[in-house]
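Novice: Below is one structure. I have some questions about it.
Each value in this text was obtained by applying a stated rule to the coordinates, not by laboratory testing. Since the structure is predicted, the reported quantities are computational estimates derived from the model, not experimental observations. Using ideal geometry, Cβ is built from the backbone for each residue, glycine included, and neighbour counts are taken over all protein chains shown.
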Amino acid sequence: MSASSHATLTSAWFGLIGLMLVLYVVTDGFDLGIGILSLVTREEHDRSLMMHSIGHVWDANETWLVVLGGALFGAFPAAYALLLSTLYIPVMAMIAGLILRGAAIEFRHPAQFKRAWDIAFGAGSLIAALAQGVILGRVITGLLPGLASGIFVALTALGVASGYALLGATYLVKKTTGRVEQAARNYALGAAATTIAAAILLTAGTRVISPIAQSRWNDPAVFQLLLVLGAISASALAAVVWAVLAHHSHAPFRAAVLLFISSFAGLALSLFPDLVPGRLSLAEAASSQSTLVFMMVGIGILMPIMMGYNFYQYFVFRGKMQLQAH
Amino acid sequence: MAVNDIVNLSRSQFAMTAIFHILWPILTISLSAFLVLVEALWVRTRNLLYYRHARFWAKLLVLNFVVGVVSGIPMEFQFGTNWAGFSRYAGEFVGNILGFEGTMAFMLEAGFIGVMLYGWGRVPRGVHLFATSMVAFGSSLSAFWIMVANSWMQTPAGVTVVNGRLVVTDYMAAIFNPDMVWGVAHMWVGAMETGAFVIAGISAFYLYRRRHAEFFLRSFKLALMALLVIAPLQIWLGDSSGFDVFHNQPAKGAAIEGYWHTNPPGTGAAWALLAWPDQTQQKNDWALELPNMLSVLGTHSLTGQVTGLADIPRADQPPMVPLLFYAFRLMAGIGVWFMALAFWSAWIWRKTRGSLNSMLQQRKLLLAWVLSIPLPYIAIESGWVVREVGRQPWVVYGMLRTRDAATLLPAGTVAASMTMFAVFYAVLVTTFAVFAYKWLKQGPDLTALPPEFSAPLKLKLG
């Protein structure tokens, strides 16, 4: 096998896994964000509506994480082993959050005492979001211990939770009416403010903390691309704020998704060709050529099909939810 | 803490999470297939009875499905968290297969379950039936890929070791490894048998109570008809995979049967119906034996040679031989009982021409069906204990030992996560039981009408 075709395959898998990560983060991001926002929603009726808005899609959204996990396990077994075993506690916390959240969505409906499930929904979503933020922060800091890394990791956790809240709020703007929609517009503005604060601090922090990112950013081609992505992110965030204030119903969510995509593209660009900066490169972590090809044939063909029927599910349940009195 | 203790903690956590998780998918696989059947019958015959069956059993499916989904998340991630050595060593194949499972099967199930549960009236009938079929197909396909991965761990093939980790040299050989067809078939048919017994048992419960008797006679009959094929088929599959175990994993075969000393050529191996295997002394304390029977079971000949456990190095013997011995007998005994119950019921059915009144008179028979509901679960758990404990001390049979596969985590951390799972599972199973009881008490809606297509999405809050 030639080294260059293996390198191409490895990069292709990095891209494909990046796409799976974006699909997970955007879709389950709004689910988890709605969970977080339900913690500050006082009326039981409103919380019920918020939970119903994701009732038909949360499971498929969460499944992107399972798809991502399987793909990482197969294409980069060494990274899968290193990350999950080193990040045992945040991974278990994330699993705990996801169990609470999933059980709450399905069990709240038939339950008599809804309050307990509401708490499980909100707390589970928050725990999962924070744990995912911790995992992201630990990956960016190359799994290094220390105070500076600790602060950075805490910031990523808050950043991910606010980003999810932004996605959740803009999704609610799209799906709901009346009081819930109005509250969602306010949440969206608040979450936009905390997200931008976290984004600025994290960008500066990455520059200070990570020698790998520093050297990547010193590459003029990378730096120019990052500038473009930064400009897209900034415009997307401005578009979110504008669309929320201008009472658009679909545009805020679309702009928030764009913000996430450009941020993750920037992150991927800063890490490449490492998977865990300073610890593990893509080449070291990758499976052999035959596995990468075999998996690419199977999963590569299925990606558009999966995205297609997921899109169909959104299409079937399109539009704002209508309530019937009971 | 010794390395062994940490390995055993991770093993216990995996065992607990796996034993809990498998309870749910087996019913999802079979109940979703049953929903396809009744929904297709409704679309074809326009008989509303089938529509009402579809709506009634779907409620049980939701409750069951969600516990399966949330308890499934820890399964995938534990390979990396607790078994980093295994992941690094075998990730090329096992990770690849889990990736296939996620993309081909799990996402298919998840991508259509929303339409199946909430799409009534939002999509045309044919599309709804398609969505239900995709959920059923996805869950069965999921079982297929998981069993491909597991059977490969039992009888690894198509790989070679390069720099201390596996590289796949032949995908067809790895996927179609010696145990694959039997493993997949035995598990899938076991799942179908579980669903058939749950449906028949719950229907028998209503018949026993004389509630909605006509409605439930239909589902009872459908499940019974399926079991007349499934129950004998499963016994044949079990026997055939047992035969292969003696060939592929002699230590497991010998441990299951409490068989210690290889029979000399020309003599038959005796089979212990009951015994108490004592691993320290490498013999049975006592045994009730049938001469030559094990040669017949393991080699299909009267004097075929069967390797005794004492002739296998102690370090390569599976642990807990009495557990293997009795878990196997429990599973096989339940399998035989299932066939007997199905045939007995069919005979009565024939004798009474399946009339409702005469079925309602069969109190003992109906009660036997109700009491049999837990048995398929016990049989499947026993089967998995035999399969997985019997593979020890290997995680990849003959290639990677379990103790070399584990992550050396702090014991307290693993104990903490295990406690967390135990608490969650207790809550989940209690909640499921409460809601399933409510569902059972409420019964089917015998006046439900299919909603007109293109009705706007209405939500009932509260």
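Novice: Near residue A:140, within a Cβ-to-Cβ distance under 15 Å, what is the net charge of the other residues, with Lys and Arg +1 and Asp and Glu -1?
Specialist: +3
Novice: Grab the DSSP H runs of chain B that are 4 residues or longer, score each as -39,500 (n - 2.57), total them, divide by all residues and round the 222 nm result to the nearest 500 deg cm²/dmol.
Specialist: My calculation for chain B gives -23500 deg cm²/dmol from helical runs alone.
Novice: Follow-up. Quick query: amide H of residue A:281 versus all other amide H atoms, modeled in the peptide plane; which residues come in under 5 Å with a sequence gap of 5 or more or a different chain?
Specialist: HN-HN under 5 Å from residue A:281: A:275.
Novice: Sticking with this one: Would you mind ranking B:286, B:145 by Cβ crowding within 10 Å, fewest neighbours first?
Specialist: B:286, B:145
Novice: Per residue of A:53-66, how many C-beta atoms from partner chains lie within 10 Å of its own C-beta, taken as a mean?
Specialist: 6
Novice: Expected output is a single nm value to one decimal: the length gained when fully extending between residue B:429 and residue B:47, i.e. 0.36 nm times separation in residues minus the C-alpha distance. What is it?
Specialist: Extra length from residue B:429 to residue B:47 when fully extended: 134.0 nm.
Novice: At what distance in angstrom do the alpha carbon centres of the stretch B:10-53 and the stretch B:384-399 lie from each other?
Specialist: 28
Novice: Determine the relative contact order of chain B: mean sequence separation of Cα pairs under 8 Å and six or more apart, normalised by residue count, in whole percent.
Specialist: In percent, rounded to a whole number, it is 21.
Novice: Given axes a ≥ b ≥ c from the Cα gyration tensor, I'd like to know whether the stretch B:141-203 is rounded (a/c under 1.5), prolate (a/b larger than b/c) or oblate.
Specialist: Cα axes put the stretch B:141-203 in the prolate bin.
Novice: Let's see if you can work this out: charge +1 on each Lys and Arg Cβ, -1 on each Asp and Glu Cβ, no other charges. What is the dipole magnitude of the protein assembly as shown about its Cα centre, in debye to the nearest 20?
Specialist: 2600
Novice: Can you pull the Rg over Rh of the protein assembly as shown, Cα-only, Kirkwood?
Specialist: Taking Rg over the Kirkwood Rh, I get 0.99.
Novice: At a 10 Å Cβ-Cβ cut-off, how would you order B:225, A:321, fewest neighbours first?
Specialist: Final ranking by Cβ density, sparse to dense: B:225, A:321.
Novice: So, counting K/R as plus one and D/E as minus one, what does the shell of residues with Cβ under 15 Å around residue B:392 add up to?
Specialist: +4
Novice: On to the next question. I need the phi-derived Karplus couplings for the stretch B:6-16: 6.51 cos²θ - 1.76 cosθ + 1.60, θ = phi - 60°, integer Hz, Gly and Pro marked x.
Specialist: 5, 4, 5, 5, 5, 5, 4, 5, 5, 4, 5
Novice: Which one of A:297, A:180, A:153 has the biggest mean-square fluctuation once chain A is modelled by GNM with Cα springs under 10 Å?
Specialist: Result: A:297 has the largest fluctuation of those listed.
Novice: Let me ask something else about it. Report, for chain B, the % of DSSP beta bridges that are antiparallel, rounded to 5.
Specialist: Around 90 percent of the beta bridges assigned by DSSP in chain B are antiparallel ones.
Novice: So, by mean Cβ neighbours within 10 angstrom, what's the order for B:358-368, A:268-278 with the highest one leading?
Specialist: Most protected by this proxy first, the peptides run A:268-278, B:358-368.
Novice: How shielded is A:291-298 by partner chains, expressed as the average number of their Cβ atoms within 10 Å of its Cβ atoms?
Specialist: Mean partner shielding for this stretch: 4.
Novice: Here is a further query. For B:56-63, what's the mean count of beta carbons from other chains sitting within 10 Å of each residue's beta carbon?
Specialist: Taking all residues of B:56-63 together, the mean is 1.
Novice: Next question, about the same structure. Can you tell me how the stretch B:76-117 classifies by the Cα gyration tensor, rounded, prolate or oblate, using a/c under 1.5 as the rounded cut?
Specialist: oblate
Novice: What is the distance in Å between the Cα centroid of the stretch A:47-86 and that of the stretch B:273-325?
Specialist: One Cα centre to the other: 44 Å.
Novice: Quick one: give the max-minus-min coordinate of the C-alpha atoms of the stretch A:12-306 along each principal axis, largest first, in Å.
Specialist: Principal extents (largest minus smallest coordinate, Cα): 52, 41, 36 Å.
Novice: Quickly estimate the mean residue ellipticity at 222 nm for chain A, helices only: each DSSP H run with n ≥ 4 gives -39500 (n - 2.57), and the total goes over all residues, rounded to 500.
Specialist: About -28500 deg cm²/dmol.
Novice: Compute the signed sum of charges (Lys and Arg +1, Asp and Glu -1) over the other residues within less than 14 Å, Cβ to Cβ, of residue A:215.
Specialist: Spelling it out: positives minus negatives among the neighbours equals 0.
Novice: I'd like the distance separating the alpha-carbon centroids of the stretch A:277-326 and the stretch A:157-178, in whole Å.
Specialist: 22
Novice: Which whole-number percentage describes the relative contact order of chain A, with Cα contacts under 8 Å and a sequence gap of 6 or more?
Specialist: Relative CO of chain A lands at 23 percent.
Novice: Just rank A:203, A:8, fewest to most, by other beta-carbon atoms within 10 angstrom.
Specialist: A:8, A:203
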